[in-house]
Amino acid sequence: MKTVMARLAKRLVAGVIMILVVASFTFLLVRLMPGNPVEAKYQSLLLNGLTPVQAMDEVRVMYGFIPHQSLWIQYLHYLGQILHLNLGQSISYEGTPVMRIILGAAPWTIILVLTGTVASFIVGILAGVIAAIRRNSPVGSAITISGSVLHGIPLFVMALFLAYVFTTIWAVLPFGAPYNAALTPGFNGPFISSLARHALLPVFTYALASYGGWLLTMKSSVISVLGDDFILASEVRGLKTSTRVGYIAHNAILPLFTILALSLGFMFGGSLFIEDIFDYPGLGNLLVNAINNRDYPLMSGAFLLITVAVIASNIITDFLYSVVDPRIRR
Amino acid sequence: MSAELMHGKSAEPAVRVRGLNVVYATSQGDLPAVRDVDLDIEAEKITGIIGESGSGKSTLVMALLNSVGKPGKIVSGSVMVPGVGDMLSIDRERQRRARGKELGLVFQAAQNSLNPLRRIGHQVLDLGRSHEVRDLRDLLRKASDLLTRLGMDADRVLTSYQHELSGGMRQRVGIMFALILDAKIVILDEATTALDMLSQASVLEIVRELHKERGLTTILVTHDMGVVADMADRVVVMYGGEIVEEGPSGSVLSHPAHPYTQGLIRAIPRISGAIDRAVPLPGAPADLKTYLEPGCPFYQRCAAAMPKCQANRPTSLTVSADRKVACFKVTDHD
């Protein structure tokens with residue numbers, strides 16, 4: 001247990017360093033971008049009739065730093081603000097702290113992508129095991145083909161198709177907006193059921209689009225495990241089929257954990273197409289708006305969030321690996 | 001041991017193989033791996049099966065369990081095991097129950113025969129549950145006894161994962177798995193090949209002890225003549241998927257009748273003396289082309305080949321007490 005803790009601590013330190021590197025990189029990137037948005041804002045404030053001191057104060061509040069300070073001082077200031085979880089203020093949503101905007105958008109993305117990923121992971125894995133074990137039968141081929149086809153359809157095509165089928169031809173589900181605007185948000189029955197009904201289509205789309213990837217990866221992993229000697233040995237020893245399938249699935253699923261963790265990390269990048277088509281105010285939409293509006297503080301905040309999420313999920317996978325795979329436990 | 005068993009004639013064989021044919025599906029067509037094999041494995045004896053790589057030894061023993069892996073396929077034949085029935089025609093559940101419980105196999109790649117993600121002890125329990133063993137605690141005790149017999153620290157092994165054991169230890173664990181359910185028929189397929197000479201000798205010694213103690217029927221698959229000479233009561237020589245010679249090991253090894261058996265024995269290097277005193281067999285082992293020929297599969301490499309051998313396949317005939325040979329030169333008396 002002590003070694004596990006030491007390992008975890010080492011991982012955490014490495015993670016913090018990685019986050020710092022990425023934060024520094026985003027800091028520099030924003031400053032290297034052509035057009036100098038800070039200067040532009042400062043100038044436009046001057047033109048609006050503010051005095052240089054007022055304009056500078058305004059810019060400082062907005063961006064969290066003073067444009068005429070040296071890059072080094074700005075950098076230290078920026079890092080200090082990050083440590084206080086202050087990511088500055090948005091330009092497009094004037095005066096709103098970036099942190100608050102991101103926290104407001106994150107739940108919508110998490111509802112969509114997390115549910116979609118977990119659902120497609122579970123179904124895809126199970127189907128992958130069946131497709132691999134019955135790969136010479138029509139059932140196995142049908143499952144594999146379903147995976148390839150669904151994997152091949154672009155997300156936005158799938159989204160539009162499903163939206164067309166279920167909201168136009170057979171209008172059983174609502175389209176657009178995350179919930180019925182007539183209801184008051186809160187922990188009450190009508191609101192939650194409206195939330196669920198609205199989420200059904202986008203979650204289903206997301207799950208359907210990622211199901212193929214899980215299925216095909218799991219299938220090839222299972223097939224490679226099936227060729228392992230210990231599987232033949234377990235047959236020769238007369239182990240029950242259920243026990244053998246358990247052996248196979250346990251060994252085959254390990255490589256997929258990494259992919260799952262990474263995709264959960266990238267979840268914080270949002271799923272642009274789905275959020276756009278189904279009109280969800282999630283992180284994907286947020287990021288695109290930030291880019292369109294040259295909202296640099298919001299952009300760097302969103303990038304930083306993705307970085308932290310990916311690094312954190314990596315650390316968690318690493319930790320989980322040492323629980324599920326005894327060969328790594330030491 | 002009764003007099004009947006000593007003579008090995010009237011006693012019921014532990015395994016009776018008849019007309020066994022196994023093929024491997026390849027891109028060039030079906031490649032026969034075991035051809036028309038008839039074989040009686042005598043009860044409570046050690047039978048050695050010997051032959052070059054690719055001669056069909058391993059396929060034959062896998063077919064005894066009806067566990068020939070794809071792309072292999074058993075085309076015809078029967079494998080009668082007393083108390084079980086024909087392994088090739090009973091239903092799958094009964095086949096499964098017979099594997100491990102009646103027929104224990106230590107598999108060629110026994111070092112990799114364990115699930116890398118479960119402790120050995122857990123795998124023993126999995127085995128027990130699969131075979132409806134009531135007293136799992138007792139099963140673990142048996143496992144522990146066997147492991148101790150095999151010269152290992154049983155407690156450590158049972159709580160270990162595969163990667164924590166050396167190759168030799170894994171091999172012994174494989175042997176433990178074949179014996180733990182008290183299978184009466186134990187098959188060791190190259191089970192000691194990966195071990196160094198000293199471990200091999202000690203493991204074989206333990207196998208011999210257990211064989212006697214438990215009255216087992218043991219089948220040793222090997223390409224090591226020394227192991228056969230040392231251990232086996234009977235020897236079966238395979239070439240190109242066929243049994244070319246069989247008989248009591250002493251008489252077969254001292255007076256080999258089939259040119260292939262003679263060649264095999266000549267090819268053994270001696271510990272002392274020049275290495276070139278060992279004469280390799282000329283030519284290459286049987287391949288798909290050989291099988292398409294109507295004649296003897298050994299024809300191409302045989303020094304004593306006659307014109308008849310090219311056109312006809314020799315059948316296995318009893319030549320003297322208890323010895324069978326498939327060779328015209330031996331069986332034809334003109």
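Looking only at strands (runs of 3 or more DSSP E) that lie completely in region B:229-334, which have at least 2 residues being modelled with pLDDT of 90 or more? Write out each step before concluding.
Working: elements: B:234-239, B:242-248, B:317-320, B:323-325.
By residue number, B:234-239, B:242-248.
Can you say whether A:ASP318 is more than 16 Å from the chain's Cα centre (by Cα), part of a loop (DSSP other than H, G, I, E, B) and within 26 Å of A:GLY116 (Cα to Cα), as far as the supplied structure shows?
In short, no.
For residues that are of a type in the set (S, T, N, Q) and within 12 Å of another protein chain (Cβ to nearest Cβ), scanning just region B:123-147, find the one that is nearest to B:ALA194 (Cα to Cα). Lay out the reasoning, then the answer.
Taking region B:123-147 and keeping what is of a type in the set (S, T, N, Q), we get B:123, B:130, B:144.
Subset that is within 12 Å of another protein chain (Cβ to nearest Cβ): B:123, B:130.
Values: B:GLN123: 23, B:SER130: 29 Å.
Ranking the qualifying residues of region B:123-147, first place goes to B:GLN123.
If you check B:VAL237 against the conditions, is it crowded, with 23+ Cβ neighbours inside 10 Å, of a type in the set (A, V, I, L, M, F, W, C) and more than 14 Å from every other protein chain (Cβ to nearest Cβ)?
Details: crowded, with 23+ Cβ neighbours inside 10 Å: yes; of a type in the set (A, V, I, L, M, F, W, C): yes; more than 14 Å from every other protein chain (Cβ to nearest Cβ): yes.
Considered against the rule, which asks whether it is crowded, with 23+ Cβ neighbours inside 10 Å, of a type in the set (A, V, I, L, M, F, W, C) and more than 14 Å from every other protein chain (Cβ to nearest Cβ), B:VAL237 comes out as yes.
Answer yes or no: is there a residue in region A:135-143 that is at pLDDT 90 or above, more than 27 Å from the chain's Cα centre (by Cα) and of a type in the set (S, T, N, Q).
Scanning region A:135-143 turns up at least one residue that is at pLDDT 90 or above, more than 27 Å from the chain's Cα centre (by Cα) and of a type in the set (S, T, N, Q).
Can you tell which of B:GLY174, B:GLY168 is more than 14 Å from every other protein chain (Cβ to nearest Cβ) and in contact with a helix residue (DSSP H, G or I) (Cβ under 6 Å, 6 or more places away or on another chain)? Walk me through how you get there before you give the answer.
On the way: B:GLY174 fails: more than 14 Å from every other protein chain (Cβ to nearest Cβ).
None of the other options fit; the residue is B:GLY168.
Being in contact with a helix residue (DSSP H, G or I) (Cβ under 6 Å, 6 or more places away or on another chain), at pLDDT 90 or above and buried (at least 21 other Cβ atoms within 10 Å of the Cβ) is the requirement here; does A:LEU264 meet it?
Criteria not met by A:LEU264.
So, of the residues in region A:137-195 that are of a type in the set (S, T, N, Q) and loosely packed, with under 15 Cβ neighbours inside 10 Å, which turns out to be nearest to A:VAL113 (Cα to Cα)? Talk me through it step by step, then tell me what you get.
From region A:137-195, those of a type in the set (S, T, N, Q) are A:137, A:141, A:144, A:146, A:148, A:167-168, A:180, A:184, A:188, A:193-194; that's our starting set.
From the residues that got through so far, the ones that are loosely packed, with under 15 Cβ neighbours inside 10 Å too are A:137, A:141, A:148, A:168, A:180, A:184, A:188, A:193.
Details: A:SER137: 33, A:SER141: 28, A:SER148: 21, A:THR168: 24, A:ASN180: 20, A:THR184: 24, A:ASN188: 23, A:SER193: 19 Å.
The extreme case among them is A:SER193.
Considering only region A:278-295, I want to know if a residue exists there that is surrounded by fewer than 17 Cβ atoms within 10 Å (Cβ to Cβ), on the phi > 0 side of the Ramachandran plot and either touching a residue at least 12 places away in the same chain (Cβ under 8 Å) or of a type in the set (A, V, I, L, M, F, W, C) (or both).
Looking for residues that are surrounded by fewer than 17 Cβ atoms within 10 Å (Cβ to Cβ), on the phi > 0 side of the Ramachandran plot and either touching a residue at least 12 places away in the same chain (Cβ under 8 Å) or of a type in the set (A, V, I, L, M, F, W, C) (or both), one finds at least one in region A:278-295, hence yes.
Tell me which residues, restricted to region A:294-330, are within 14 Å of chain B (Cβ to nearest Cβ), of a type in the set (A, V, I, L, M) and touching a Ser or Thr at 6+ places or on another chain (Cβ under 9 Å).
If the condition is that a residue be within 14 Å of chain B (Cβ to nearest Cβ), of a type in the set (A, V, I, L, M) and touching a Ser or Thr at 6+ places or on another chain (Cβ under 9 Å), then A:ILE328 is the only one that fits.
Tally up the residues in region B:71-87 that are within 14 Å of chain A (Cβ to nearest Cβ) and in contact (Cβ under 8 Å) with a residue 24 or more places away in the chain, please. Please lay out each step first, then the result.
Residues of region B:71-87 that are within 14 Å of chain A (Cβ to nearest Cβ), as a first pass: B:71-73, B:81, B:84, B:87.
Narrowing the set further to residues that are in contact (Cβ under 8 Å) with a residue 24 or more places away in the chain leaves B:71-73, B:81.
Residues in region B:71-87 being within 14 Å of chain A (Cβ to nearest Cβ) and in contact (Cβ under 8 Å) with a residue 24 or more places away in the chain: 4 in total.
Look through B:VAL61, B:VAL22 and report the one residue that is assigned to a strand (DSSP E or B) and either at pLDDT 90 or above or exposed (fewer than 15 other Cβ atoms within 10 Å of the Cβ) (or both). Full working, then the answer.
Numbers: B:VAL61 fails: assigned to a strand (DSSP E or B).
Only one candidate passes the filter, namely B:VAL22.
Return only the number of the condition from (1) closer than 26 Å to B:PRO297 by Cα; (2) more than 14 Å from the chain's Cα centre (by Cα) that B:ASP153 does not satisfy.
(1)
Count, please, the residues in region A:1-36 that happen to be loosely packed, with under 13 Cβ neighbours inside 10 Å, part of a helix (DSSP H, G or I), at pLDDT below 80 and not aliphatic (A, V, I, L, M).
2
Mind listing just one residue for me: the one in region B:108-122 that is touching a Lys or Arg at 6+ places or on another chain (Cβ under 9 Å) and crowded, with 24+ Cβ neighbours inside 10 Å and, of those, farthest from the other protein chains (Cβ to nearest Cβ)? Can you show your working first?
Start the filter on region B:108-122 by keeping residues that are touching a Lys or Arg at 6+ places or on another chain (Cβ under 9 Å), which leaves B:110-114, B:116-117.
Now narrow it down to the ones that are crowded, with 24+ Cβ neighbours inside 10 Å: B:110, B:113-114.
Numbers: B:ALA110: 8, B:SER113: 4, B:LEU114: 6 Å.
Of everything passing the filter in region B:108-122, B:ALA110 is farthest from the other protein chains (Cβ to nearest Cβ).
Please work out if B:LEU105 is outside any loop (DSSP other than H, G, I, E, B), within 7 Å of chain A (Cβ to nearest Cβ) and within 19 Å of B:LEU146 (Cβ to Cβ). Reasoning before the result, please.
Details: outside any loop (DSSP other than H, G, I, E, B): yes; within 7 Å of chain A (Cβ to nearest Cβ): yes; within 19 Å of B:LEU146 (Cβ to Cβ): yes.
So B:LEU105 fits the description; yes.
From the list B:LEU188, B:LEU195, exactly one residue is buried (at least 22 other Cβ atoms within 10 Å of the Cβ) and under 21 Å from the mean Cα position of the chain (by Cα). Which is it?
Numbers: B:LEU195 fails: buried (at least 22 other Cβ atoms within 10 Å of the Cβ).
Sole residue among the options that is buried (at least 22 other Cβ atoms within 10 Å of the Cβ) and under 21 Å from the mean Cα position of the chain (by Cα): B:LEU188.
Please tell me if B:GLU12 is at pLDDT 90 or above and either in a loop (DSSP other than H, G, I, E, B) or of a type in the set (Gly, Ala, Ser) (or both). Steps first, answer last, please.
Details: at pLDDT 90 or above: no; either in a loop (DSSP other than H, G, I, E, B) or of a type in the set (Gly, Ala, Ser) (or both): yes.
Considered against the rule, which asks whether it is at pLDDT 90 or above and either in a loop (DSSP other than H, G, I, E, B) or of a type in the set (Gly, Ala, Ser) (or both), B:GLU12 comes out as no.
The values are calculated or read from the model by the stated rules, or taken from the named source; none is laboratory data. Remember, predicted model here, so these are calculated numbers, not experimental data. Every residue, glycine among them, receives a Cβ derived from its backbone with ideal geometry; neighbour counts consider all protein chains shown.
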